[in-house]
Amino acid sequence: EGNGARLLALTGLRRLEGLMELELRDCQLERLPSALLALPGLRCLDLAHNGLRTLEELLGLQNLHRLTGLCLAHNRVLALPATVAALRGLELLDLAHNHLRRLPPALFTLRRLRRLLLAGNLLDELPAEVGALALLAELDLSGNRLESLPGELGAGCAELRELDVAHNSLGCLPPSLGALKRLLRLDVRGNNLEELPVELGCCARLRGSHGFPVKLASLERKFLI
């Protein structure tokens, strides 16, 4: 009943057609309010810290043509539907601290994504399709169950500046990460790594690999905590 009352109150949003940013944190929402569809000028939508489990209503958000930022962190989302592909203008997608086990191929059709935050989920695989996100600048996969990273991550994400894979189960990193010429920050703490690929020495802007002090003698580079 309480959730229904809150959703009813949100119908007043329909009168705010010019609204550009909307924060609905800690509202105990269990589904996406339909009133959001009446906000064509919305650019940023924050629905963090609610009780969302399903995102099937995402298809309705395709009418929000100006939406560039969507935060769904700290919910209970079990799966990301293929309808996420309808949000073609997204530059930021925050799904941190949910219950995601897999990422649908549709996610990697969002070619404008610059920040993809997936920390604290249950992911055991990063699909090779991630290489299609050519504009991606920040990728946070910390606190998942990853055992490996696809080579396509280094081969396709040329704009990547921050990569956080801390606290996973990685045994090695792909040599292709050495192709990330813009990489500034790499966090590999809490994994099963015994060494870093020497190709990382080609990342001239990389200041250090957090949690992994190692000297790459062949390239005379040091990666400090």
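Taken together, the values in this text are just the output of simple stated rules run on the coordinates, not laboratory data. None of these values were measured; they are calculated from a predicted model. Here Cβ is always computed from backbone atoms with ideal geometry, including for glycine, and neighbour counts include all displayed protein chains.
Near A73, within a Cβ-to-Cβ distance under 10 Å, what is the net charge of the other residues, with Lys and Arg +1 and Asp and Glu -1?
Details: positive: R25; negative: D46, D94.
Surrounding charge for A73 is -1.
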May I ask for the distance between the Cα centers of the range 156-207 and the range 38-82, given as a whole number of Å? 30 Å
Hey, if you put +1 on the Cβ of every Lys and Arg and -1 on every Asp and Glu Cβ in the range 2-223, which of H49, L153, G131 ends up farthest toward the positive end of that dipole? H49
The correct pair for the range 11-152, radius of gyration to one decimal and Dmax as a whole number, both in Å and from Cα atoms, is 14.7, 49
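Would you kindly state how much longer the chain becomes between R182 and R43 on full extension, computed as 0.36 nm times their sequence separation minus their alpha carbon distance, in nm to one decimal?
Details: separation 139, 0.36 × 139 = 50.04 nm, distance 2.74 nm.
Going from the current span to full extension adds 47.3 nm.
Please report the net charge: other residues with Cβ closer than 13 Å to the Cβ of L45, K and R +1, D and E -1.
-3
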Residues in the range 80-116 near a label at R53, defined as backbone nitrogen under 14 Å from the 7 Å Cα→Cβ point? 99
Calculate the dipole size of the range 2-223 relative to its Cα centre from +1 charges on Lys and Arg beta carbons and -1 charges on Asp and Glu beta carbons; express the result in debye to the nearest 20. 460 debye
Residues of the range 67-87 with amide N under 15 Å of the 7 Å Cα→Cβ point at S34: none
When E56, E138 are arranged by how many other beta-carbons sit within 10 Å of their Cβ, fewest first, they go E56, E138
Percent of beta bridges antiparallel (DSSP, the range 2-223, rounded to nearest 5): 10 percent
